[in-house]
1. Can you tell me the length gained on complete extension of the stretch His55 to Arg83, counting 0.36 nm per residue apart and subtracting the Cα distance?
2. Let's test the formula: R0 of 25 Å, r as the Cβ-Cβ distance of Ala39 and Thr9. What FRET efficiency results, to the nearest 0.05?
3. Rounded, prolate or oblate: which one fits segment 3-67, using the alpha carbon gyration tensor with axes a ≥ b ≥ c (rounded when a/c is under 1.5, else prolate when a/b beats b/c, else oblate)?
Amino acid sequence: MNPHAAVQTAMRTGRLVRPAACETCGKEKKVVAHHDDYAYPLEVRFLCLPCHRQHHLQHGEARNRHLLPPRDTDKVNTYVHIRKSLSRALRQAAEDENRSLGAQLEVVIEDWLDWREDKPARRRPPAVGRVSP
């Protein structure tokens, strides 16, 4: 089971109780569960956000991070790239007197559709800004 999900389940069922104060500084702030080793999903320390950030700066990531499920960064990266591509298309259309915004967006959409069809063969989405005939 995912260590983060195990902590959430344990808190929901009462096996773990979130304290009101940070275990490091003792301040009564919102605290988060921190794993020193993901192999032991219910062994956590409750730290406020500043102490949690400081802990990671000093000690790095927890041991056995491979036990966590992979992050779905592909969706996030694709979304960011789409946003940047459309922004570039808008700027280019505004600068280009010979091409309307609609025409430039059509070029972007065609590139994206082509990229989606052969996605396994290419690593990154197409860059916007190419000049089409």
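Values in this text are rule-based calculations from the coordinates and carry no lab data. Bear in mind the structure is a predicted one, so any value in this text is a computation, not a measurement. So basically every Cβ, Gly included, is an ideal-geometry build from the backbone, and we count neighbours across all protein chains shown.
1. My answer for the length gained is 6.7 nm.
2. 0.90
3. Cα axes put segment 3-67 in the oblate bin.
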